[in-house]
Structure formats: C-alpha cells, structure tokens
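Encoded as structure tokens, the structure appears first; notes follow it.
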Amino acid sequence: MSDFANLRDAGLRLGSALADAYDVADVTVLAAVPNGVPVALGIREAWAVDVQPLPVTRSDEGAEVAADPALAGRRVIVVDDGVETGTVARAAAAALRASGVDLLVLAVPVCPREAMADLALRYDDVIALVKPLARRDLAWHYADFDTVDEATAQRLLGDLPGGAP
C-alpha cells in the first residue's frame, strides 16, 4: 500500500502539518519546479498560503537553485515531492541561506532518515510525513506518482491569483 494517492494528496497532508507549526501570515512557500508544484498547490488548498516557484536546474553534476534576493529576511518553506538523494534540497538550502532568509524550512512528503541528519544541519526545520529507514524511489510512496513537466508546473502556478506569469 502506498503512503499517498498522488502529489496533491501529499500536499494536502503536508498543509495540515504546516498549519499546526507555522503562522500563514509569516511564511512564503517555494515550490521546487517542477514536481514540488503539485505538492505546494495541495498545501495551498489545505492552508491558504502564498506559493511561489523555486526554479531548479538539474545536471549531471547536481542541481542549481535560483534564489530571489527579495526573500532576504523572510520565513521560507521549501516544498518538493520528496527527498531521494537530497541534491535539490541541499542546493536550495545553500542558495536561500546565501540570499539571507530569516527562517528556512524543508517540507516534503517523504524523506529517508539517512538524509534527515544532513538536511537538519542545513535547514532550521525539516518536516516530513514519511521517514523510511532507507532511500527508495519516490514513486514507491505514491499510488499515482503524477509528476509534471516544467511547462505544466509554470501553468499551474500561473493559474493562481497573483501566480507566476
């Protein structure tokens, strides 16, 4: 049996956990593009919070994240579809710390315990609903691992009031 029906379901459940821990007025949710977007939109549905894109460039060498300097002094929650290797989460933490965010939180449906220790050093808080002992392919945790491409992610964000162009 899977942990989540799909990415939206994971986001709805994460939204409830985040609402218990943080004040919506004080945070900005950054959705790692592309697959963090459906999760973040589920969070937004459960917890009326501002969602913005977090552009991620993936390559054979790892991942690069472009952090908006306007986030300096803000409380930021980074959302993705889960952690496998932690490459995107580590790149996001480095870029956002360098941009001067005030509080940095990682919120993911799945994060293996072996990755949690490292990520806990990079983030002020790591919220994960499922914490398996060992790393597995993320698709294993979803009945429908309904991933999206970058164009679809941008369209989904653009459909939000005040969303990305």
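A short reminder: the numbers here are calculations on the coordinates, not readings from a lab. Nothing here was measured: the structure is a model prediction, and the numbers come from that model. Please note: Cβ atoms are built from the backbone with ideal geometry, for glycine as well, and neighbour counts cover all protein chains shown.
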*Kindly state, to the nearest 0.05, the FRET efficiency for D26 paired with A120, given R0 = 22 Å and r defined as their beta-carbon distance.*
0.55
_Restricting to DSSP H runs of at least four residues, report the calculated mean residue ellipticity at 222 nm for the chain, -39500 (n - 2.57) per run over all residues, nearest 500 deg cm²/dmol._
-11000 deg cm²/dmol
*Please say if the chain is rounded, prolate or oblate, where rounded means a/c under 1.5 for a ≥ b ≥ c the square roots of the C-alpha gyration tensor eigenvalues, and otherwise the choice is prolate for a/b larger than b/c and oblate otherwise?*
rounded
*Using a/c under 1.5 as the rounded threshold, could you call region 74-165 rounded, prolate or oblate? The axes a ≥ b ≥ c are square roots of the C-alpha gyration tensor eigenvalues, and prolate needs a/b larger than b/c, oblate otherwise.*
oblate
*For region 65-112, just say rounded, prolate or oblate: build the C-alpha gyration tensor, square-root its eigenvalues into a ≥ b ≥ c, call rounded for a/c under 1.5, and beyond that prolate if a/b exceeds b/c, oblate if not.*
prolate
